[in-house]
C-alpha cells in the first residue's frame, strides 16, 4: 500500500539522521512512497529560511526525486477539508 508523506513527516526526516521516520522511509521501497505538489511547495518555502537555502533546496529535491508526485487539485482540496473537519471534531 502506498504512503503519501506529508510535510510533517519530511520535517522529522530532515531533523535527524537518527530519526525513526528516516529509518522507516529508508526501509520502504521508493515505489511505495508518494508526495504531492502542496508538500513540495511547503518544503521549498521552508528551505528559504536557511542561510544555505540553495543547499537545503538541493537536499529537498534529492530526497523527493525518486517519489511519484501526486497532483493536488480542487477535488483533493475538498476531500482534505472534509477529513480535517472530521478530525478536528474528534479533537485531533
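The values are calculated or read from the model by the stated rules, or taken from the named source; none is laboratory data. Only a predicted model underlies this, so the values are computations on that prediction, with no experimental measurement involved. No Cβ is skipped: glycine too gets one built from the backbone with ideal geometry, and neighbour counts run over all protein chains shown.
Just one of (1) at pLDDT 90 or above; (2) in a loop (DSSP other than H, G, I, E, B); (3) touching a helix residue (DSSP H, G or I) at 6+ places or on another chain (Cβ under 9 Å) fails for residue 91. It is (3). Considering every residue within region 38-60, establish whether at least one is exposed (fewer than 15 other Cβ atoms within 10 Å of the Cβ), without any contact (Cβ under 8 Å) to a residue 12 or more places away in the chain, over 12 Å from the mean Cα position of the chain (by Cα) and within 24 Å of residue 1 (Cα to Cα). Taking every residue of region 38-60 in turn, none turns out to be exposed (fewer than 15 other Cβ atoms within 10 Å of the Cβ), without any contact (Cβ under 8 Å) to a residue 12 or more places away in the chain, over 12 Å from the mean Cα position of the chain (by Cα) and within 24 Å of residue 1 (Cα to Cα). For residue 63, the conditions (1) modelled with pLDDT of 90 or more; (2) outside any loop (DSSP other than H, G, I, E, B); (3) more than 13 Å from the chain's Cα centre (by Cα) all hold with the exception of (3). If the condition is being surrounded by 11 or more Cβ atoms within 10 Å (Cβ to Cβ) and part of a loop (DSSP other than H, G, I, E, B), then region 1-31 contributes 2, 5, 6, 19, 28. Only a single criterion out of (1) within 21 Å of residue 2 (Cα to Cα); (2) surrounded by 10 or more Cβ atoms within 10 Å (Cβ to Cβ) is not satisfied by residue 71, namely (2).
Within region 19-34, the set of residues being farther than 21 Å from residue 46 by Cβ and modelled with pLDDT under 90 comprises 29, 30, 31.
The set of residues in region 13-37 that are free of Cβ contacts under 8 Å to residues at least 24 places away in the same chain and within 10 Å of the chain's Cα centre (by Cα) is empty.
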